[in-house]
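Trainee: Sharing a structure here in structure tokens format.
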Amino acid sequence: MFSFENGVYTITAGGMTYAFGEANDGSLRHLYWGGELHDAAALASLREGVRNPPRSVPTPYEYPTEEAFDYGEPCLRVLFADGNQNVRLRVASHEIKGSVLTVVLRDANYPLTVTLTYRTWGDLPLVGRTAAITNDGGAPVTLVSAGSAAFAFGRARDWRLTHFSGTWGAEYQLQREMLTQSRVLIESARLTDAAFHQMPFFALDEGGASTETAGEVFFGLLSWSGDFRITVESRYGKAVTVTGGVNPDTARIPLAPGETFTTPEFTAGYADAGFSRMSEILYDWQFDHILPRGGKTDKAHAVRPIIYNSWYPYTFHVNEENIFGLIPKAKQIGAELFVIDDGWMPGRENDLKGLGDWVIDTERFPRGMGAIADECHRQGLLFGLWVEPEMCNPDSDLFRAHPDWVIADGDRPHTFMRHQYILDFSRDEVRDWAIGWLDRLIREAKLDYLKWDMNREVTEVPANWRDTGAAVKYMKNVYAVWQYMNETFPDLLLENCASGGGRADFGMVPYSDRVNRSDNADPVDVMILHEGYTTLFVPKMAGGAGNVAPPSIHGRDLPLEFRILSGMTGSMSIGINLLTADEATLSRLREATDRFKTIREGLQDAYVYRIASARTDPWCVWQYCRRDRKEFSVFGFGHAIHKWQGDMVPLMRMRGLVPGAVYVSDDGTRRTGAALMRIGLPVKLNGDYATYFSHWKIED
Ligand code: DGJ
């Protein structure tokens, strides 16, 4: 709900109040963000307390632009034609329409308009913000920095920052630090991805005192997959501001007369009961508002099919013979979707060739992909293919025809990775080319599923790259292709893969049905990776080429039971070589998929509670609690547990249950929700590669 009273704008949603107001000089100042206030007079008095002229650390500006005495990180810096870079924004008008508030600001001396937009989603304590910056003058200007929003925090308090960072195979690592008077930058400048280096996300809690289940957590996320910067700045007097948007280092944005640049959305949220509550809010947001929901089934709420993927057993060496051999085996083990990964294009028997030429290798697939799709469909399996549209090999017809389409720095030698160039998606013709061949491929190969991969980051950029906003245009055009596929093929399931989790971010959530969480499918590492992942993202999206897979990154061969149970915690996919697997393995896989299908709905429309963490103990325990609270499952994984530790595994206290209801486990044990939450469950884990699983349903 939005209101405007006595110069104060108030947003109330899901127990949260967010307020800002017009100061006497017409500037817009942040007033309050936190639990619901029910007190317009208190907000009005905060507005009256704004000092003009401002003091050394002024009452925070709602959209900072280096106003007088404000030396903090600005949202906006504009280079005008006369060389001036100062911006002074004053309120011109506002409008409230349903769940959207817009406030129009104008510069007092220069022809520049900034339209701030605020939106809410139902009763979730979230507010999404964008800024649209318009050049109203007759001469071009440059946006030296064009942030999406700034969020200010109560002064004179000690704040702890939580964020996630990592690298390939080591994504979603939790990082925490107490803020001191300094600027902390969470950022990426690699062009094609960000999330596995730095997730465009922050959370702040007071004194570092909030836990999984208690305390206030203020958090924010940028819906953007490209270069970004979030500046967390603590100034004298512990005045903290978080500013974020596209990375000004890699994108100065030119605006011709009359042009507008609209920033990515920066969404802020407030949780009043710890980090688990934060996750619940983010899950509800994904399930009920932002996940793709087209198609015959409501994809946002539908379960994900069990996948068989060719990558781990065959890498590039796929052909008609092994694929036709695998299809009935995939059916036999209970898979529901068959995916041919990398390797199906002409000459693609290694990474030297084949990227860019998106036609089927008729030498290895003489009957074409249609025949394989038909065979999958005949056997009752969905069919999917892998693509990597943003790349090409130098040895490709595409590169020979369009050498100017790749991102390169003139004659400077190019640094290759996986022998591939990045195509310049900031060019509309490249975007249109991708839409053209993807449309054809999806129809001709009768695809039910498409895995979009992206496997490298930029190393050399053209001379004018940073000054043309190309990095932003690149990502907007990538989104445009995903948007096209979603709109044109609403039943198609789309996997977002970027060398694993390179684009596991909220920018991609509205377009993709599944995420390659990580190329690291080692289930012991997953004990940590999945904790970070599920803090932010719903588990049914979490997949990869095979989370029930052979030894990969470590070469560590783990017991099948451990791998199977780990696979069930996300979007289950199997990457074991079924042509060489013995009958015992095949029938164990079949039992597992049969079992998984009976509990999948409860696992995939669920909140994940992190009951015990492998970051602090040699085990982790995750409770998957259906959102209607009628069912839950408990997963436990342990590794390298000493004798004296195993004896000490505490009773694991459940969360989120109906206290007065009786829950019955599959072995017939009956417990009230209150007992499960107050006394807890004995989760027995011991030794190496230990597993625990139990499944409970509310009594009718
Ligand atoms: C990286 C992906 O993350 C893998 O799942 C696989 O698709 C390979 N690329 C294929 O080249």
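The values are calculated or read from the model by the stated rules, or taken from the named source; none is laboratory data. Here the structure is a predicted model, which is why all the values come from computation and not from measurement. Note that each Cβ is placed from the backbone with ideal geometry, even for glycine, and that neighbours are counted across all protein chains shown. All accessible areas refer to the heavy atoms of the entire protein, side chains included, with ligands and DNA or RNA removed. Shrake-Rupley method; radii C 1.70, N 1.55, O 1.52, S 1.80 Å.
Trainee: Given the rule -39500 (n - 2.57) for each run of at least 4 DSSP H residues, summed and divided by the residues of the chain, what is its mean residue ellipticity at 222 nm, to the nearest 500 deg cm²/dmol? Don't jump to the answer; show the numbers that get you there.
Mentor: Values: 13 runs with 145 residues, N = 700.
Taken over the chain, the calculation gives -6500 deg cm²/dmol.
Trainee: Order these peptides, 434-440, 62-68, 336-342, by their mean beta-carbon neighbour count within 10 angstrom, highest first.
Mentor: On the way: 434-440: 16.6, 62-68: 21.9, 336-342: 23.6.
Descending mean neighbour count gives 336-342, 62-68, 434-440.
Trainee: Could you check the simple spin-label distance between residue 209 and residue 661, using points 7 Å along Cα→Cβ, in nm with one decimal?
Mentor: 3.3
Trainee: On a C-alpha basis, how far is the centre of region 301-378 from the centre of region 129-169 in Å? Whole number, if you could?
Mentor: Each part reduced to its Cα centre gives a spacing of 43 Å.
Trainee: On a 1.4 Å probe surface of the protein chains, which of 130, 598, 672 comes out largest in accessible area, and what is the full order?
Mentor: Greatest to least solvent exposure: 598, 672, 130.
Trainee: Under the definition of Cα pairs under 8 Å and six or more residues apart, what whole-number percent is the relative contact order of the chain?
Mentor: Once divided by the residue count of the chain, the mean separation gives 10 percent.
Trainee: Measure off, as a whole percent, the carbon and sulfur share of the 1.4 Å-probe accessible area of the chain, all protein chains present.
Mentor: It is 50 percent, rounded to a whole number.
Trainee: Based on the mean of other Cβ atoms within 10 Å per residue, sort peptides 678-688, 577-587 so the most packed one is first. Each step should come with its number before you reach the end.
Mentor: Values: 678-688: 15.5, 577-587: 12.9.
Final packing ranking: 678-688, 577-587.
Trainee: Using heavy-atom solvent-accessible surface (probe 1.4 Å) with all chains present, what is the largest-first order of 331, 296?
Mentor: Reading off the accessible areas and sorting them downward yields 296, 331.
Trainee: What helices does the chain hold that run 15 Å or longer along their axis, going by alpha-carbon atoms, with a Kyte-Doolittle average of -1.0 or more, using DSSP H for the helix calls?
Mentor: 274-285, 320-332, 368-378, 428-444, 470-488, 523-536, 583-604
Trainee: Under a 1.4 Å probe, what is the accessible area of the chain per residue, stated in Å²?
Mentor: On a per-residue basis, the chain sits at 36 Å².
Trainee: Evaluate the distance, in nm, between pseudo-label points positioned 7 Å from the Cα of residue 93 and of residue 42 along their respective Cα→Cβ axes.
Mentor: The answer from the label model is 3.4 nm.
Trainee: Still on this model: If you take every residue apart from residue 363 with its C-beta less than 15 Å away from the C-beta of residue 363, what net charge results, scoring Lys and Arg +1 and Asp and Glu -1? Don't skip to the end; give the middle numbers.
Mentor: Numbers: positive: 348, 353, 364, 367; negative: 320, 321, 349, 357, 361.
Around residue 363, the surrounding residues sum to -1.
Trainee: Where does each of 267-276, 84-93 land if you order them by average Cβ count within 10 Å, highest first?
Mentor: 267-276, 84-93
Trainee: Tell me the label-point distance for the pair residue 176, residue 414, using the 7 Å Cα-to-Cβ offset, in nm and rounded to one decimal.
Mentor: 4.5
Trainee: Something else about it: Can you list the HN-Hα couplings for region 648-657, worked out from phi with the Karplus curve (6.51, -1.76, 1.60; θ = phi - 60°), rounded to whole Hz and with x for Gly and Pro?
Mentor: Listing the rounded values in order: 9, 3, x, 5, 9, 7, 6, 9, x, 8 Hz.
Trainee: Given 296/451; 296/597; 446/630; 299/446; 97/630; 299/353, which pairs have Cα atoms separated by over 27 Å?
Mentor: Details: 296/451 20 Å; 296/597 20 Å; 446/630 38 Å; 299/446 19 Å; 97/630 37 Å; 299/353 35 Å.
Checking Cα-Cα distances, 446/630; 97/630; 299/353 exceed 27 Å.
Trainee: Hey, which lysines would be in cross-link range of residue 643, C-alpha to C-alpha under 18 Å, not counting anything within fewer than 8 residues on its own chain?
Mentor: 684
Trainee: Oh, and also: Mind checking Rg over Rh on the chain, alpha carbons, Kirkwood formula for Rh? It would help to have the intermediate numbers written out before the result.
Mentor: On the way: Rg = 26.2 Å, Rh = 26.7 Å.
Using only Cα positions, Rg/Rh for the chain is 0.98.
Trainee: Also, I was wondering about something else. In the calculated pair distance distribution of region 326-445, what percentage of Cα-Cα distances lie above 16 Å? Display every interim value, and only then the final one.
Mentor: Details: 4623 of 7140 pairs.
Tail of P(r) above 16 Å: 65 percent of Cα pairs.
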